[in-house]
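To start, the structure under review is shown below, and the notes come after it.
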Amino acid sequence: MANKTDASAISIHGTNPQNLIEKILRQKIHGDAYWKEHCFALTAETIVDKAMELDHIGGTFGGNKKPAAFIQLVLKLLQIQPEKEIIVEFIKNEDYKYVRALGAVYMRLVGKPLDVYQYLEPLLNDYRKLRLITGNEAASHRKRDLKRPERMAWAGYTVTYMDDFIDQLS
């Protein structure tokens, strides 16, 4: 089944790793078109390509709290549990800031305290801007991007910085 955790996955903090994402959000993710079309058969090797396509971070947005692609990829990482070395490479990636942010969130969720400190502390020196999808902006027909439905007018963005984002994770 596409929504089940890998049979060889180990429990994290004494529970199924997917349970680190709340049940209602998991259900919304599993029902979302992005999950069904793009995350269905991802592996630890192919998730990198989807992560490089990210152009914002965030959890949910809009009036009905649609899950963002970022949080869907976090859930997929929890589902497949890639090796620690892969996540460390995500965090060390300086070319794609959203790949780095994805690795940081995953490390914060499943990592041991020493690993979290060791790998996330250097990110406090990364001052690049990140787009955070919020859904708080008023609707406007001029701001619609029909090629990317997650960028509809009600999907407002705010700007944050990598160091602030990492600081909020801890």
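The values are calculated or read from the model by the stated rules, or taken from the named source; none is laboratory data. This structure is a prediction, so every number in the text was calculated from the model and none was measured. When we count neighbours, we look across all protein chains shown, and the Cβ atoms used for this are built from the backbone with ideal geometry, even at glycine. For the accessible areas, the whole protein counts, side chains as well, though only heavy atoms, and no ligand, DNA or RNA atoms are used. Shrake-Rupley method; radii C 1.70, N 1.55, O 1.52, S 1.80 Å.
Among (1) surrounded by fewer than 20 Cβ atoms within 10 Å (Cβ to Cβ); (2) in a helix (DSSP H, G or I); (3) modelled with pLDDT of 95 or more, which single condition is TYR127 missing?
The one condition TYR127 does not meet is (2).
Could you check, for region 114-123, whether at least one of its residues is assigned to a loop (DSSP other than H, G, I, E, B), touching a residue at least 12 places away in the same chain (Cβ under 8 Å) and over 13 Å from the mean Cα position of the chain (by Cα)?
Looking through region 114-123, none of the residues is assigned to a loop (DSSP other than H, G, I, E, B), touching a residue at least 12 places away in the same chain (Cβ under 8 Å) and over 13 Å from the mean Cα position of the chain (by Cα).
Residues that are touching a Gly at 6+ places or on another chain (Cβ under 9 Å) and over 20 Å from GLN118 (Cβ atoms): find the helices (runs of 4 or more DSSP H) completely inside region 39-104 holding 2 or more of those.
The helices (runs of 4 or more DSSP H) meeting that bar are 69-80.
Every residue in region 43-80 that is in contact (Cβ under 8 Å) with a residue 60 or more places away in the chain and of a type in the set (Asp, Glu), please.
Correct list: ASP55 only.
Can you tell me which residue within region 6-33, out of those that are within 24 Å of GLU53 (Cα to Cα) and in contact with a Pro (Cβ under 8 Å, 6 or more places away or on another chain), is most open to solvent (accessible area, probe 1.4 Å)?
Filtering first and then ranking leaves LYS28.
Can you find a residue that is at pLDDT 95 or above and not hydroxyl-bearing (Ser, Thr, Tyr) anywhere in region 140-162?
yes
Go through region 108-120 and report how many residues are within 23 Å of ASP95 (Cα to Cα) and open to solvent by 80 Å² or more (accessible area, probe 1.4 Å).
The qualifying residues number 3.
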